[in-house]
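In what follows, a single structure is set out as structure tokens and then discussed.
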Amino acid sequence: MPSSARITVYLFFLTIVATSVFVSFKKHTSEQAAPPISLPQTVTPTPTPIDIYSPPIIATASSYTIIFVGDSMTEALGDNFDQLRKFLSPLYPGKEFGIFNYGYGSTSILSLERRLTQSTEYQGKTNQAILDRYFDVLIIESMGNNPLSEYPLDQGLSIQTQTLERLVALTAFSRPHSIIIFLSTIAPYQSLFGLGAVDLSPNQRNQWANERRSYIENHINFAKRHHFPLINVYEKSLDAQGKAVTKYFDSSNYIHPSKLGVELISREIADYLYHNQILPN
């Protein structure tokens, strides 16, 4: 082959190779520079704060589910709620009740969110997140026996209020067909609070009891202000002079309810559910 022809063939192949490299490079750089694909994102709505609560109407059913959440005052009602069932039975003949106790001893209002939104463990038992369960009624106990004592009283009460505002909004948003009820438990015994369990001077007992009363009363006032259903055992546990009635307390510590105290709390709950037609008969 003449040299001129060989040169022509060589240039031809060189052109093909150069073109392929350029195309490949351009494609590669184009792919690298391509903007990422935008995918739609799921937006979780923020629950609206509740000004005036409007309880939903529970439909008549053959069975109802009630969940209690609180501290040791709720825990004292028992896993099976025997006393409550005793009072509910004649009021709701033929009805079945699933009642679940999320009362955890030595816990404050700040622990409530975790029980609502996450599985929790207590006394060796794992409990499903409350908002992952079905329930007709959620009863939120005052939890005032575990005040936020690390804060000045006014600040602690403000934190309690803010926590309740946020969590009732979350609950009402997540379970719009379930009723939220507030429960205030028996009033702390001012002169005997903690006797047998905590070494306190008479003045300290009075101070501790008054602090706890402030948190329970704040719980009550929150419910009244926002029109939440309220089972006010607190006022039923006081005598005419505003003092706690001795028979409602366990004499080993004068903090937790006695048998009569559990009966009082249970009877008030049953009567409230029935007479206010929270759960249709």
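Below is a table of values for the structure above.
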{"item": "Peptide ranges 158-168, 255-265 listed from the most packed, as the mean C-beta count within 10 angstrom indicates", "result": "255-265, 158-168"}
{"item": "Amide proton proximity set for residue 187, modelled H, under 5 Å, gap of 5+", "result": "237"}
{"item": "Karplus-derived 3J(HN,Hα), 6.51/-1.76/1.60, for each residue of segment 267-272, Hz, glycine and proline x", "result": "5, 5, 5, 4, 4, 5"}
{"item": "Calculated P(r) tail over 28 Å for segment 63-275, as whole % of Cα pairs", "result": "24"}
{"item": "Three-way shape label, segment 149-281, alpha-carbon gyration tensor, a/c 1.5", "result": "oblate"}
{"item": "Mean Cβ count within 10 Å, highest first, over the residues of peptides 201-207, 80-86, 227-233", "result": "227-233, 80-86, 201-207"}
{"item": "Per-residue HN-Hα couplings for segment 251-260 [Karplus 6.51, -1.76, 1.60; θ = phi - 60°; Hz; x = Gly/Pro]", "result": "6, 7, 8, 6, 10, 8, x, 6, 4, 5"}
{"item": "Cut-off under 5 Å, modelled amide H: who pairs with residue 98 long-range", "result": "64, 65, 66"}
{"item": "Amide proton proximity set for residue 139, modelled H, under 5 Å, gap of 5+", "result": "67, 68, 69, 181"}
{"item": "Residues of segment 165-201 with amide N under 18 Å of a point placed 7 Å along Cα→Cβ from residue 225", "result": "165-170, 181-184"}
{"item": "Aspartates and glutamates with Cα under 19 Å of residue 125, excluding same-chain neighbours fewer than 8 positions away", "result": "71, 75, 79, 113"}
{"item": "Hz values of 3J(HN,Hα) by residue in segment 199-211 - Karplus curve (6.51, -1.76, 1.60), Gly and Pro given as x", "result": "7, 10, 6, x, 5, 5, 4, 5, 5, 4, 5, 5, 4"}
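Read the figures in this text as sums done on the coordinates, not as results from a lab. Here the structure is a predicted model, which means the values were calculated and not measured. Because the Cβ atoms are built from the backbone with ideal geometry, glycine has one as well, and the counts that use them run over all protein chains shown.
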